[in-house]
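Where a number appears in this text, it was derived from the coordinates with a stated rule and is not lab data. Predicted, not measured: the structure shown is a model, and the values here were computed from it. In this analysis, Cβ positions are derived from the backbone assuming ideal geometry, glycine residues included, and neighbour counts consider all displayed protein chains.
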Amino acid sequence: MLFNLYIAHVHEIGQDNDVTISSYADDIRILSHDKDFSNNIKKMEQHLQTLLTTLSNLNLRVNFEKTKAVSFFDSLAAHERASAAIQIGGQPEIKISESHKYLGVYLDMKLNGIRHTNYVIERCNRDINAMKMTKGTSWGNHPTTQNNLYRGVILPKMRYAMHIYAMGHKKNAGKLQITQNKALRQILGAVKTTPIPSMHSLTNTLYMPAMIQLTTDQNILRMTCRDPLIREQNSALCRNNYAHASHLAIIRERYMHVTDVAYNNNVIMHSQLNNQYRAPLTRNYAAIEKIPNILSKKNTQPAELKAATLLHINTKYEGYIKIYTDGSKIANGSAASAYFCEQHKAGEGFRINSLCSNFTAEVFAVYMGLQHLVNYHTDQSHSN
């Protein structure tokens with residue numbers, strides 16, 4: 001965080017609308033959008049020279065051994081690509097690579113995700129082979145343990161940036177599905193003739209196309225909810241026609257679906273003002289109250305916790321209307337919100353869209369509780 005603040009003004013260098021600069025920690029990316037390859041080279045050289053000067057004034061330097069350049073969607077011949085380079089005075093030249101790993105994802109010149117898919121499969125196969133060493137026909141890990149290993153170690157490798165390298169690319173999804181089938185056979189001790197639907201049913205595992213779609217929708221929802229700039233860029237994506245690029249058309253379709261889900265479920269969209277808000281350091285109230293005689297939840301029985309909590313609430317808020325709310329989301333994606341009114345001995349609960357976060361489930365539960373309060377207790381005191 002401190003490093004990001006230290007180099008924050010780096011993003012403001014240059015006045016070219018076709019060039020953008022972004023960073024994550026000490027990984028900096030310069031992107032030029034010009035249609036002409038030679039113009040892109042010139043703009044990159046200019047901005048990189050300015051960046052070097054700016055970083056030098058901050059006592060920082062660029063590691064040119066790790067600096068790479070990739071040209072996307074150009075029509076260069078192989079010999080033209082091999083001879084092209086970005087040259088900065090007194091520094092090693094930067095050759096044009098066919099792909100480069102940035103923030104853990106291989107970005108290739110065609111952005112078809114093949115390079116990263118092969119990289120992910122190679123890593124996952126090593127993990128699957130390691131799982132074989134922990135289990136035999138009559139000894140070793142229980143299938144449940146192996147399934148947990150798959151979900152905790154192998155599946156996250158596939159899901160990381162899945163919306164970038166796999167969404168809209170059927171071949172990549174097919175390769176990932178084959179790898180998942182291999183892992184499920186290892187978990188269940190199944191043979192190659194075991195029906196694939198049976199393996200997915202026994203392990204409660206989504207097929208890879210469904211997993212890719214779910215992961216894409218979750219990432220789109222998370223980004224659009226939290227960042228108004230990304231929300232604006234996604235809206236621009238929907239306004240354009242990408243009939244020539246099927247994967248972009250599919251992503252546009254998913255964004256429109258997620259937008260409808262967010263609207264229908266009253267998902268909170270952060271504005272720039274929301275993101276800039278900081279809670280005051282001093283408060284005149286206790287945000288979280290401690291329950292008397294309860295030192296630790298871990299060392300207390302659930303029945304004792306419940307009794308102590310109810311005693312505290314009834315003692316401190318005697319005469320108040322008490323409405324309890326809760327929202328949760330479990331590992332398989334199911335989410336729900338509910339409230340309960342103590343005076344009426346009644347409440348309601350609803351399942352909400354699986355794309356919604358645990359935070360949204362909690363907020364929706366509070367919203368339902370407030371609606372009940374307004375409709376039936378407008379003339380009474382209340383507590384929640």
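Enter the angle in degrees (range 0 to 90, nearest 10) between the Cα long axis of helix 114-132 and the first principal axis of the Cα atoms of the chain, meaning the one along which they spread out most. Compared with the principal axis, the helix lies near 60 degrees. Between GLN87 and LYS316, residue separation times 0.36 nm minus the direct Cα-Cα distance comes to 75.2 nm. For LYS182 and GLU289, the difference between the fully extended length at 0.36 nm per residue and the C-alpha to C-alpha distance is 33.5 nm. Relative to the longest principal axis of the Cα atoms of the chain, the long axis of helix 358-376 lies at roughly 40 degrees. Database remark: amide H of GLY347 closer than 5 angstrom to the amide H of CYS341 (H placed geometrically; neighbours at sequence offset of 5 or more, or on other chains; Pro and chain starts carry no H). Near the amide H of ILE13, within less than 5 Å, lie no amide hydrogens of residues on another chain or at least 5 residues away, with H placed in the peptide plane.
For ASN265, no residue whose modelled amide H falls within less than 5 Å of its own remains once neighbours fewer than 5 places apart on the same chain are excluded. When you count the other C-beta atoms within 10 angstrom of each residue and take the mean per peptide, 16-24, 213-221 line up highest first as 213-221, 16-24.
The distance separating the Cα centre of segment 145-161 from that of segment 201-221 comes to 13 Å. Among 173-180, 315-322, 259-266, sorting by the average number of other beta carbon atoms lying within 10 angstrom of each residue, highest first, gives 173-180, 259-266, 315-322.
Relative to the compact globular guide of 2.2 N^0.38 Å, what is the alpha carbon radius of gyration of segment 317-383, as a ratio? Scaled against compact globular proteins, the figure is 1.19.
Per-residue Cβ neighbour counts within 10 Å put LYS329, LYS110, LYS68 in the sequence LYS110, LYS68, LYS329, beginning with the fewest.
In this simple spin-label approximation, ASP326 and ASP16 carry label points 7 Å from Cα along the Cα→Cβ vector, and these lie 5.7 nm apart. Excluding same-chain neighbours fewer than eight residues apart, the lysines reachable from LYS297 by a Cα-Cα span under 18 Å are LYS306.
Summarise the long-distance tail of P(r) for the chain by giving the % of C-alpha pairs beyond 32 Å. For the chain, the fraction of Cα-Cα distances above 32 Å is 55 percent.
Cut-off 10 angstrom, C-alpha nodes, Gaussian network model of the chain. Which of ILE212, ILE313, ILE268 fluctuates the most? Largest GNM mean-square fluctuation: ILE313. For the cross-link pairs LYS68/LYS132; LYS101/LYS135; LYS43/LYS66; LYS110/LYS132, the ones whose C-alpha atoms lie over 26 Å apart are LYS68/LYS132; LYS101/LYS135; LYS110/LYS132.
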